[in-house]
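The values are calculated or read from the model by the stated rules, or taken from the named source; none is laboratory data. The structure presented is a predicted model; accordingly, all values stated were derived computationally and were not measured. Counting neighbours? That spans all protein chains shown, and the Cβs are built from the backbone with ideal geometry, glycine included.
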C-alpha cells in the first residue's frame, strides 16, 4: 500500500492554542493517527477541519459529485 498525503497543514499544540470546546476538529493522537471529533484529553495536537473552497464546491455540484 502506498501512502498519499496532502501538503503539511497547521497542526496546533493544545498548550499554545486551546482547542475549541463543542466543535468538531481534526485531532492527532499519540500514535500519529488523525481522528475527527470533539477534543479529548490525551490527544497530541489539533487543527480545524479543512474547508472546501467555493469554486471546487460549485464544480463538484455541477458534476453531480456533491449535493
Can you work out which of the residues in the stretch 41-51 that are over 11 Å from the mean Cα position of the chain (by Cα) and loosely packed, with under 10 Cβ neighbours inside 10 Å is farthest from residue 31 (Cα to Cα)?
-> 41
Tally of residues being farther than 16 Å from residue 9 by Cβ and either at pLDDT below 95 or surrounded by 12 or more Cβ atoms within 10 Å (Cβ to Cβ) (or both) across the stretch 30-39 | 2
